[in-house]
Amino acid sequence: MRIGILGGTFDPPHYGHLKLAEAAIEALELDEVILLPANINPFKQKKRITPAKNRIAMLQLLQKRNAKLSFSDMEITRGGVSYTVDTLGELQMVHPGEYWFIMGADAIGNFMEWKNPQRILRLCRLAVTTRPPMNKDDLQLQLPEEFREKIDIIEMAPTEESSTTIRDRIIRGLPVQNMTTPEIVTYIKNNKLYL
């Protein structure tokens with residue numbers, strides 16, 4: 001099977017996450033994309049995040065938007081800081097397959113600072129979106145030469161949605177209906193999140 005992994009804090013999930021997953025499914029002919037919420041992002045350890053149960057519930061609502069989306073709470077269940085290399089190692093043991101770790105071009109800049117990036121690239125390929133003015137050549141220059149053949153580029157239109165923007169708009173009493181699904185908007189309101 002060809003499997004994509006879309007990890008993140010998902011606080012909250014939004015249309016940008018959905019567009020990214022669907023672009024990867026189409027570009028790489030993936031059988032499945034696993035939505036994988038982090039327990040604690042190693043680069044955001046001091047940042048306050050919404051409880052895992054709420055982020056899980058919202059991701060499960062997003063998952064229903066596409067039959068090729070699945071969900072795993074393995075990083076939350078494992079607890080502690082979530083490292084991609086640990087997750088990929090576990091996935092390859094329990095569910096061997098061809099894996100792609102899906103990320104935005106902005107994340108590739110610090111990829112070499114991740115825990116054991118060399119092993120990550122032995123366990124999967126990177127599926128990276130480009131946004132103008134960045135192109136494939138610019139992207140590949142951010143990785144050591146020996147890793148450049150492990151990147152697959154996903155071209156997609158830029159999206160305006162971001163979790164930070166959604167949280168800020170909710171705090172300011174502004175609408176977010178065009179940024180995430182109606183079901184997630186309802187869940188946020190019913191659970192009084194981000195107020």
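Every number in this text was worked out from the coordinates using simple rules, so none of it is lab data. Quick caveat: nothing in here was measured; it's all calculated off a predicted structure. No Cβ is skipped: glycine too gets one built from the backbone with ideal geometry, and neighbour counts run over all protein chains shown.
Numbers at a glance
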item	result
Hz values of 3J(HN,Hα) by residue in the range 150-155 - Karplus curve (6.51, -1.76, 1.60), Gly and Pro given as x	9, 10, 10, 8, 10, 8
Total formal charge among the other residues, if their Cβ is under 10 angstrom from that of Ile49, Lys/Arg +1 and Asp/Glu -1	+3
Tally of Lys pairs whose C-alpha atoms are under 20 Å apart, taken over the chain, 8 or more apart or cross-chain	14
Degrees separating the helix 84-94 axis from the principal Cα axis of the chain, which is the longest one	80 degrees
For Ile34, residues with placed amide H under 5 Å, excluding near neighbours	Gly4, Ile5, Leu6, Ser70
Formal net charge of residues neighbouring Ile3 (Cβ-Cβ distance under 14 Å; K, R +1; D, E -1)	-3
For the range 77-123 versus the range 134-195, the gap between their alpha-carbon centres in whole angstrom	19 Å
Spacing of the two label points (7 Å from each Cα toward its C-beta) at Ala57 and Tyr194, in nm	1.6 nm
Solution diffusion estimate, µm²/s, Stokes-Einstein, the range 1-50, Kirkwood Rh from C-alpha pairs, 4 °C, viscosity 1.567 mPa s	109 µm²/s
Nearest-20 debye value, the chain charge dipole, Cβ charges on Lys, Arg, Asp, Glu	980 debye
Pairs of alpha carbons in the range 10-151 whose separation is greater than 26 Å (percent)	23 percent
Cβ-based net charge around Leu121, under 11 Å, with every Lys or Arg adding one and every Asp or Glu removing one	+3
Proxy reagent accessibility, fewest Cβ within 10 Å first, across Lys46, Lys68	Lys46, Lys68
The chain: antiparallel DSSP beta bridges as a percent of all, rounded to 5	0 percent
Value of [θ]222 nm, deg cm²/dmol, for the chain, DSSP H segments ≥ 4, -39500 (n - 2.57) each, nearest 500	-10500 deg cm²/dmol
